[in-house]
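Every read-out reported here was derived from the displayed coordinates using simple, explicitly stated rules and does not represent laboratory data. Everything numeric in this text was worked out from a predicted model, so none of it was measured. All Cβ positions, glycine included, derive from the backbone under ideal geometry; neighbour counts span all protein chains shown.
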Amino acid sequence: MRFPTAQAPFLAPVNSVNRIMLEVLVALIPGLAALVWQFGPGVLVQCMIALLAAELGEAAMLSLRRRPIVPTLKDYSAALTAVLLAISLPPLAPWWIPAFGTLFAIIIGKHLYGGLGYNPFNPAMVGYAVLLISFPQHMTAWLPPKELSGSALSFADNWNAIFSRTLPWDMTFDALTMATPLDTIKTQLGLNRLLDEIQSGGLFSGIGGRGWQWVNFGFLLGGLWMLKRGIIAWQIPVGFLAALFAVALLFFLIDPAVYPTPLFQCFSGAAMVGAFFIATDPVSASTTPRGRLIYGALIGLLVFVIRSWGGYPDGVAFAVLLLNLAAPTIDHYTRPRVYGHPT
Amino acid sequence: MARTQGGGSVNLFKLWNFHGGLHLDGHKRESCRAPLAVAHLPERLVFPLQQRNGEDSKPVIAPGDRVLKGQVIAHDDSPFNPPIHASSSGIVRAIEDLPLPHPSGLSGACIVIETDGEDAAIDFAGIADYRQCSPDELRRMIYEAGIVGLGGAAFPTSVKVAPGSDRKVDTLILNGAECEPYITCDDSLLSHHPEDVLEGAKILLHILQAERCLLAVEDDMPDALAALEKAKRCGDFEAIQLVRVPAIYPTGGEKQLISVLTGREVPMRGIPADIGIVCQNVGTAAAVYNAVVHGTPLISRIVTVTGRGVKQPQNILARIGTPLADLIQQCGGHTNEAERLVLGGPMMGFGVPTDDLPLTKSANCILVAGRNELIGEKRALPCIRCGACANACPVNLLPQQLYWYGRSDQIERALDYNLFDCIECGCCDYVCPSHIPLVQHFRATKGKAVAKRREREKADHARLRFESRQLRKEQEKRERAESAKRKKETLGTGKAPEILEAIERAKLRRAEKTAQPSGNSDPIDHDKRETVTPPTAAEAHRTSADTGHIENPSDDRKSEAQPMSSEID
């Protein structure tokens with residue numbers, strides 16, 4: 001009897017890229033739910049637009065690059081990029097914001113920078129950075145959390161606002177939108193007001209600002225689930241959050257009138273989604289155990305620096321992008337000790 | 001990290017962890033449920049002359065000869081090539097090229113014996129008390145019995161139990177941690193013949209002059225452990241400690257098992273004996289016992305025949321040289337869904353194209369896979385650098401980096417990332433979400449690295465040859481010019497240059513004698529030294545040895561190369 005031969009190992013693999021990506025998408029659900037709860041269903045519309053743009057962009061680039069289209073679309077990596085970008089956008093941003101951002105992320109940030117596995121930067125954050133630099137006005141116009149506004153726009157209202165820039169008769173965009181807590185602190189501190197004064201506003205309550213803390217809790221929950229499932233390693237989120245907390249604590253102790261509490265830093269803005277979902281993007285992150293800790297910690301530090309002294313409402317995107325390029329070198333210097341080799 | 005093993009009747013024993021590893025579905029039940037079978041005598045036995053990766057052994061019989069069971073049919077002078085014995089009686093039919101059970105699928109010279117059904121054996125002479133023998137005598141017996149490691153690597157046992165006088169061995173480890181899925185031949189041996197293994201351990205302890213033996217079995221082998229405990233109570237086996245180790249693949253890897261049991265690591269490029277340990281498979285220990293006490297050479301072994309492609313999976317005690325097809329036949333034959341044949345386990349075994357191959361000493365498992373039970377080619381996606389491979393690597397390598405460098409032909413970088421520390425266990429391959437055949441890549445990169453080194457060595461050699469040739473040619477040219485010059489000078493005198501030279505030398509000596517101590521002011525001497533290349537150390541040695549023949553005028557070159565003073569003495 002004749003048999004086909006092959007090389008060991010012969011056991012079928014248990015894991016797959018699309019399973020990993022799918023589980024990350026699932027892990028985003030609690031955070032996404034908190035966003036919908038606090039800021040209305042606009043984010044779902046943003047996700048839809050981004051997903052559509054991502055799949056179209058991916059298919060177009062794959063066909064241009066003469067790569068197999070269907071198996072690659074099934075790996076959900078473009079979908080994940082789309083959702084990560086969409087949840088970073090203000091819920092009422094006009095439709096072309098997610099469309100442009102996602103297409104840029106997929107076409108330039110992913111494919112032209114090398115394709116899956118070779119792109120040096122986190123594609124979602126490339127898209128976000130381009131949007132923030134190019135359209136700062138749209139990118140900073142967030143909605144007030146539900147706890148503050150009391151009423152919420154319906155799905156249809158959101159839809160119309162996003163696609164035709166029309167709102168119910170008694171509302172205007174200017175009146176409806178407001179800055180995020182982080183953004184508020186930055187601009188108000190710039191006007192020489194003190195933190196006590198600023199934080200007495202209704203936007204600030206709890207530990208991370210109204211609404212925002214729930215969003216962060218949601219992403220923390222999803223992140224812990226991913227840790228338990230072994231989809232991400234603990235080193236990057238722990239390094240990120242520990243460094244952010246430590247440096248925030250240091251400055252808070254030095255001057256509490258200007259620097260918010262470390263807990264506020266960790267539960268506000270994109271801290272949790274950044275620590276668990278953005279910085280952990282495997283392709284662009286460090287891959288050695290010690291390297292991941294260092295990489296995460298450097299991002300955490302940079303987030304604090306950009307938040308405290310930079311010109312942007314949050315620092316996660318830029319911190320991640322700036323450290324992405326350091327990952328290969330960090331990896332090189334943090335190789336684990338191989339069995340039997342001297343320490 | 002250490003942990004203490006609790007519960008059970010096994011003594012408390014501190015265990016250690018190694019990095020990475022996998023929990024795999026064992027598939028052990030299939031083959032271990034049935035009792036140990038004994039293979040029928042096949043009509044034909046085939047013995048490849050190549051045993052490991054070394055040279056072929058030389059046949060000591062010829063076609064037409066009648067051989068007896070246990071008779072040496074091929075041997076070699078190398079200690080790495082123990083003799084091959086006939087595993088039953090019969091007539092040597094041929095010595096011919098046949099397919100080998102080897103991953104390459106190549107053919108090689110084999111001795112083919114047609115059995116006569118009598119199974120007549122030579123007289124096996126064992127030793128009543130091995131303690132009366134010196135370790136060296138016992139090592140020779142192990143060599144003569146053709147014993148190699150039965151765990152799969154087939155490394156000659158006599159070499160392994162001779163760690164050298166500079167290495168003090170304190171611990172013998174018997175490896176019964178059969179970590180690869182499907183394989184249960186060690187389990188079966190330990191369950192059915194525990195005393196053979198324990199007795200073998202005592203002999204090995206005596207050879208190594210080691211104090212203790214740790215016999216490791218995995219925690220999913222309760223029958224083996226119970227049988228061992230029972231046998232241990234019945235005899236004097238104080239020095240042997242039974243240890244239950246967790247069933248994590250690849251605990252049965254030599255280095256990993258050493259880590260788990262002792263917390264020690266074999267140093268890079270070292271051997272276990274460097275840290276006072278010798279590791280042997282349990283089957284090897286039983287073979288040592290049979291060789292020393294009963295005088296039986298290694299002519300049979302237990303092999304697992306399993307997989308959904310075979311009707312009655314079981315362990316079977318079979319003669320070395322038995323065609324695999326016969327063994328599969330005895331296990332009920334192939335099922336309809338048989339689609340793949342693997343020798344060894346699914347993680348480190350190798351696929352073979354046919355079952356028309358002989359059973360070798362190293363074959364621990366014949367795995368006939370059913371439909372989709374095992375896979376062949378994988379459809380690979382790009383590496384997403386998730387690091388799952390690095391987490392699983394028992395050696396703590398960074399497979400994602402090795403893959404990256406190997407793929408882009410950066411061999412030096414791959415070597416720098418310790419490519420050759422890879423044990424090819426397949427853990428990284430198995431966990432890779434992109435389904436990249438990493439081990440295959442690493443094997444290829446290793447091959448490239450070896451080829452590159454050979455090429456470099458060859459280039460170095462060629463360069464050296466070229467340089468010395470250049471040097472020689474230059475020197476010859478100089479010498480020719482020199483002798484032409486001298487010829488021209490001495491043309492008028494009509495004397496041969498050698499004679500002239502001798503006269504010159506005599507004159508010199510006289511001058512030297514009179515004008516001492518201003519010895520080295522001679523202009524000729526000075527001149528000559530300039531034109532002569534200084535000899536190398538070896539040449540210098542030769543020159544001084546040759547001084548006796550220097551007056552031979554025909555050897556022009558030699559006289560040229562002599563420093564003046566040595567010629568004169």
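For the residue pair B:Glu457 and B:Val38, what label-to-label distance in nm results when each label sits 7 Å from Cα along the Cα-to-beta-carbon direction?
4.9 nm
Where is the GNM fluctuation largest for chain A (alpha-carbon springs, 10 angstrom cutoff): A:Asn216, A:Asn119, A:Asn192?
Between A:Asn216, A:Asn119, A:Asn192, it is A:Asn192 that shows the largest mean-square fluctuation.
Kirkwood Rh over alpha-carbon pairs of the range A:101-226, then Stokes-Einstein at 20 °C and 1.002 mPa s: what D in µm² s⁻¹, rounded to an integer?
123 µm²/s
Tell me the mean residue ellipticity at 222 nm calculated for chain A from its helices only (DSSP H runs of n ≥ 4, each -39500 (n - 2.57), averaged over every residue, nearest 500).
Estimated from H runs of four or more residues: -17000 deg cm²/dmol.
How high is the relative contact order of the range B:43-165, in percent, counting Cα pairs under 8 Å that sit 6 or more residues apart?
25 percent
Tell me, what ³J(HN,Hα) does each residue in the range B:242-258 have, in order and in whole Hz, if you take phi through Karplus 6.51 cos²θ - 1.76 cosθ + 1.60 with θ = phi - 60° and put x for Gly and Pro?
Working through the residues one at a time gives 8, 10, 9, 10, x, 7, 10, 6, x, 4, x, x, 3, 5, 5, 5, 4 Hz.
Go ahead and set up a Gaussian network model of chain A, Cα springs under 10 Å, then flag whichever of A:Arg66, A:Arg165, A:Arg210 fluctuates most.
Judging by the Gaussian network model, the answer is A:Arg66.
Starting from 0.36 nm per residue, how many nanometres of slack lie between A:Arg290 and A:Asn15 once their C-alpha separation is accounted for?
Here the answer is 96.6 nm.
Using the Karplus equation 6.51 cos²θ - 1.76 cosθ + 1.60 (θ = phi - 60°), what ³J(HN,Hα) coupling, rounded to whole Hz, does each residue of the range B:394-410 give in order, writing x for Gly and Pro?
Going residue by residue, I get x, 9, 6, 8, 10, x, 4, 6, 4, 5, 4, 6, x, 5, 8, 6, 8 Hz, with x marking Gly and Pro.
Please sort B:359-369, A:49-59 by packing, taking for each peptide the average over its residues of neighbouring beta carbons within 10 angstrom, highest first.
Averaged packing, sorted descending, gives the order B:359-369, A:49-59.
What is the Å³ per residue value for the convex hull set by the Cα atoms of the protein assembly as shown?
Taking the convex hull of the Cα positions in the protein assembly as shown, it is 293 Å³ per residue.
GNM, chain A, Cα, under 10 Å: largest mean-square fluctuation among A:Ala285, A:Ala79, A:Ala257?
A:Ala257
So which GluC sites (Glu not before Pro) in the range B:326-389 pass both tests, a DSSP loop state and at most 13 other Cβ atoms within 10 Å of the Cβ?
Sparse-neighbourhood loop GluC sites (Glu not before Pro): B:Glu377.
Give me the distance in nm between label points sitting 7 Å out from Cα along the Cα-to-Cβ direction at B:Asp356 and B:Lys168, one decimal.
A separation of 5.8 nm, rounded to one decimal place.
Fewest first, what order do A:Trp169, A:Trp212 take by the number of other Cβ atoms within 10 Å?
A:Trp169, A:Trp212
Quick one, can you get me the convex hull of the C-alpha atoms of the range B:20-115 expressed as volume per residue in Å³?
Output value, Cα hull per residue: 164 Å³.
Excluding residues fewer than 8 places away in the same chain, name every one of the lysines whose C-alpha is closer than 20 Å to that of B:Lys69.
Cα-Cα hits under 20 Å: B:Lys58, B:Lys361.
Would you list A:Tyr259, B:Tyr405, B:Tyr249, A:Tyr113 from fewest to most Cβ contacts within 10 Å?
Ranked by crowding around the Cβ, least crowded first: A:Tyr113, B:Tyr405, A:Tyr259, B:Tyr249.
Over all residues in A:66-75, what is the mean tally of Cβ atoms on other chains that come within 10 Å of each residue's Cβ?
Neighbouring Cβ atoms belonging to other protein chains average 1 per residue here.
For n ≥ 4 DSSP H runs only, could you compute -39500 (n - 2.57) per run for chain B, divide by its residues and tell me the 222 nm figure to the nearest 500?
-11000 deg cm²/dmol
Applying 1/(1 + (r/R0)^6) with R0 = 56 Å to the Cβ-Cβ distance of A:Phe163 and B:Ala444, what FRET efficiency is obtained, to the nearest 0.05?
Between A:Phe163 and B:Ala444 the formula returns 0.55.
If you average over every viewing direction, what projected area does the convex hull of the Cα atoms of chain B give, in nm²?
Projected over every direction and averaged, the Cα hull of chain B covers 38.3 nm².
Just in the range B:178-243: which GluC sites (Glu not before Pro) are loop by DSSP and have at most 13 other Cβ atoms within 10 Å?
B:Glu211, B:Glu238
List the lysines whose Cα lies under 30 Å from the Cα of A:Lys74, skipping any in the same chain that are fewer than 8 positions away.
A:Lys110, A:Lys228, B:Lys378
Report the extension gain between B:Glu482 and B:Ser78 in nm, rounded to one decimal, defined as 0.36 nm multiplied by the number of residues separating them, less their alpha carbon distance.
140.1 nm
Pairs of alpha-carbon atoms within less than 8 angstrom and 6+ residues apart define the contacts here; what relative contact order does chain B have, in percent?
Taking the mean separation of contacting Cα pairs over the length of chain B, I get 14 percent.
Could you work out, residue by residue across B:257-265, how many beta carbons of other chains sit within 10 Å of that residue's beta carbon, and then give the average as an integer?
Mean shielding by partner chains, rounded to a whole number: 1.
Do any trypsin sites (Lys or Arg not before Pro) in the range B:147-194 lie in a DSSP loop with no more than 13 other beta carbon atoms within 10 Å, and if so, which?
Qualifying residues, ordered by number: B:Lys168.
Provide the per-residue ³J(HN,Hα) series for the range B:68-80, in order, calculated from phi with Karplus coefficients 6.51, -1.76, 1.60 and θ = phi - 60°, each as a whole number of Hz, with x at glycine and proline positions.
Whole-Hz 3J(HN,Hα) from phi for the range B:68-80: 10, 4, x, 7, 6, 10, 7, 8, 8, 6, 5, x, 8.
Simple spin-label model, 7 Å along Cα-to-Cβ: A:Trp225 to B:Asn372 in nm?
Computed distance between label sites A:Trp225 and B:Asn372 equals 2.8 nm.
Only counting other Cβ atoms within 10 Å, I'd like B:Glu265, B:Glu180, B:Glu457 sorted with the fewest neighbours first.
B:Glu457, B:Glu265, B:Glu180
If we count every other residue with Cβ under 11 angstrom of B:Ser191's Cβ, Lys/Arg +1 and Asp/Glu -1, where does the sum land?
Local charge sum for B:Ser191: -2.
Between B:His192 and B:Glu118, what FRET efficiency comes out of the Förster formula 1/(1 + (r/R0)^6) with R0 = 30 Å and r the beta carbon distance, rounded to 0.05?
FRET efficiency, B:Glu118 to B:His192: 0.70.
Need the C-alpha centroid separation for the range B:292-339 versus the range A:162-194, integer Å.
That distance is 78 Å.
Could you work out the relative contact order of chain A? I mean the mean sequence separation of Cα pairs under 8 Å and 6+ apart, divided by the number of residues, in percent.
Relative contact order here is 19 percent.
Residues with amide H under 5 Å of B:Asn281's amide H, sequence separation 5 or more or different chain, H placed in the peptide plane at 1.01 Å from N; which?
When sequence neighbours closer than 5 places are left aside, the close amide H contacts are B:Leu150, B:Gly151, B:Asn175.
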